[in-house]
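Contents: one structure, followed by commentary.
The values are calculated or read from the model by the stated rules, or taken from the named source; none is laboratory data. All values reported here derive from a predicted model rather than from experimental measurement. Neighbour counts run over all protein chains shown; Cβ positions are idealised from the backbone, glycine included. Accessible surface is based on the protein model in full, side chains and every heavy atom, while ligands, DNA and RNA are left aside. Shrake-Rupley method; radii C 1.70, N 1.55, O 1.52, S 1.80 Å.
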Amino acid sequence: MAKKESTFTSMVATLVLVTGIAAAALGFVYDFTKAPIEAAKIKAQTEAITQVLPEFDELGTSYKVPSEAGGDSIELFPAFKGGELAGTAIKTYTRTGFSGFISIMAGIDKDGNISGYSVLDHAETPGLGSKMDTWFNNASKPNQNVIGKNPTTTNFTVSKDGGDIDAITASTITSRAFLDALRRGYTAYETNNKNTGDSGQ
């Protein structure tokens, strides 16, 4: 029996078949993992909100507001205790990090002070920029600590630029970006409260 010759048509048909099978497999994996990934994101977000806010017993409906600098919107999560506002969590961001995008969940208490923060996403240098997780939350070093402070009365820029906050050692760019994200989030919070007539103060 003579061996069947390969033709251009048969090669194209084989390529299409292989590509189709691969695409179907990728689609199946995506559909299979989409729900668990989304659930994990929601869980991490809820944990971050709990971490950055004072004690609360009910989380209100979140809403998004445009960033003052354009681009992505900023999401706010009001939280209540006994029916009264306990604080607002803000999912904010900056694109000015040493490695670009940084996402932060910041908490603002009912008096307008920063109650906590959690770094959600970043690609800063390990051992340097990554220290923002804890650097700005050190009660024993008030010049670098942002907790309990209000951006309207404390200059949330690094001291090297004339501000009130000490930068991470050897990571001024990351520090500037972190504080930019906090200011951006606070501006969205403050603007929204002015628009709704509820200053929370």
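Key figures for this structure:
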{"quantity": "Rel. contact order, % - alpha carbon contacts under 8 angstrom, at least six apart, the range 55-164", "calculated": "14 percent"}
{"quantity": "Student exercise, the range 69-143 dipole from Lys, Arg, Asp, Glu Cβ charges, in Debye to nearest 20", "calculated": "140 debye"}
{"quantity": "Computed [θ] at 222 nm, deg cm²/dmol, the chain (DSSP H ≥ 4; -39,500 (n - 2.57); rounded to nearest 500)", "calculated": "-13000 deg cm²/dmol"}
{"quantity": "Accessible-area ranking of Arg95, Arg184, Arg176, largest first, probe 1.4 Å", "calculated": "Arg95, Arg176, Arg184"}
{"quantity": "Convex hull volume of the range 24-128 per residue (C-alpha atoms, cubic angstrom)", "calculated": "152 Å³"}
{"quantity": "Selection from Tyr189, Ser103, Gly87 lying farthest towards where the dipole of the chain points positive, charges on Cβ", "calculated": "Ser103"}
{"quantity": "Charge dipole magnitude, Cβ of K and R +1, D and E -1 - the range 94-181, Cα centre, debye nearest 20", "calculated": "80 debye"}
{"quantity": "The chain, relative contact order [Cα under 8 Å, separation at least 6], %", "calculated": "16 percent"}
{"quantity": "Sequence-separation-based contact order of the range 119-163, relative, with Cα cut under 8 Å and 6+ spacing, percent", "calculated": "19 percent"}
{"quantity": "Label corresponding to mean projected area of the Cα convex hull in nm² when calculated from the structure given, among [x] 11.8; [y] 13.3; [z] 17.8", "calculated": "[z]"}
{"quantity": "Options Leu120, Ser159, Ala170, ranked by Cα towards positive dipole end of the range 112-201, top entry (Cβ charges)", "calculated": "Ser159"}
{"quantity": "In degrees, nearest ten, helix 172-196 long axis to first principal axis of the chain (Cα)", "calculated": "70 degrees"}
{"quantity": "Exposure of Thr134 as accessible area (Å², to 10), given a probe of 1.4 Å and all protein chains", "calculated": "100 Å²"}
{"quantity": "Antiparallel bridge percentage (DSSP; both residues within the chain; nearest 5)", "calculated": "95 percent"}
{"quantity": "Net dipole in debye of the chain [+1 Lys, Arg Cβ; -1 Asp, Glu Cβ; about Cα centre; nearest 20]", "calculated": "640 debye"}
